[in-house]
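Undergrad: Here it is, the structure, as structure tokens.
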Amino acid sequence: MRAVEATITSQGQVTVPAEVRRHLGLAKRGKVTFVIEQDAVRLVPSRYTIETVRGAVAAIPGTSADFDREIEEAMEDEADRVVNRLERG
């Protein structure tokens, strides 16, 4: 195990040393997570989820962002198709 020391500023900030950034694969403006364990704190790269990146990319022009409404409409359309098919016999 290798230890790398850093200094905490008066504002509570720490610069992540270059060796640690390389080891974790962190780039500029990267995000990290502090994992608090019983007797230690680990610094790990943040993993993105759908919730954390929502809105990061603009919607495709001509599409809707209201997926719940679109799903509901599609379900209603399919129900209508099934009913029409059954009525026709």
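Undergrad: Answer with yes or no whether ARG29 is out of contact with any Leu (no Cβ under 8 Å at 6 or more places or on another chain), loosely packed, with under 10 Cβ neighbours inside 10 Å and at positive phi.
TA: The answer is yes for ARG29.
Undergrad: Might you check whether a residue that is in contact with a helix residue (DSSP H, G or I) (Cβ under 7 Å, 6 or more places away or on another chain), without any contact (Cβ under 8 Å) to a residue 60 or more places away in the chain and surrounded by 10 or more Cβ atoms within 10 Å (Cβ to Cβ) occurs anywhere in region 8-25?
TA: no
Undergrad: Turning to a different aspect of this structure: Which members of region 22-33 meet the condition of being under 16 Å from ALA6 (Cβ atoms) and charged (D, E, K, R)?
TA: The answer is ARG22, and nothing else.
Undergrad: Determine which member of the set VAL57, VAL35, VAL83, VAL44 is part of a helix (DSSP H, G or I) and either at positive phi or among the aliphatic types (A, V, I, L, M) (or both).
TA: VAL83
Undergrad: Can you tell me which residue among ILE50, ILE36 is surrounded by fewer than 10 Cβ atoms within 10 Å (Cβ to Cβ) and over 30 Å from MET1 (Cα atoms)?
TA: ILE50
Undergrad: Is one or more of the residues making up region 2-9 within 28 Å of the chain's Cα centre (by Cα) and of a type in the set (Gly, Ala, Ser)?
TA: No, region 2-9 contains no residue that is within 28 Å of the chain's Cα centre (by Cα) and of a type in the set (Gly, Ala, Ser).
Undergrad: Would you confirm whether any residue within region 61-80 is of a type in the set (Val, Ile, Thr), under 30 Å from ARG29 (Cα atoms) and outside any helix (DSSP H, G or I)?
TA: no
Undergrad: Right, next: Can you run down the residue pairs with Cβ atoms below 9 Å, 6 or more apart or on separate chains, where the first is in region 69-89 and in contact (Cβ under 8 Å) with a residue 40 or more places away in the chain and the partner is assigned to a helix (DSSP H, G or I) and surrounded by fewer than 10 Cβ atoms within 10 Å (Cβ to Cβ)?
TA: none
Bear in mind these aren't lab numbers, they're just calculated from the coordinates by the rules spelled out. The model shown is predicted, which means the values in this text are computed figures rather than measured ones. Cβ sites come from the backbone with ideal geometry, for glycine too, and all protein chains shown count toward neighbours.
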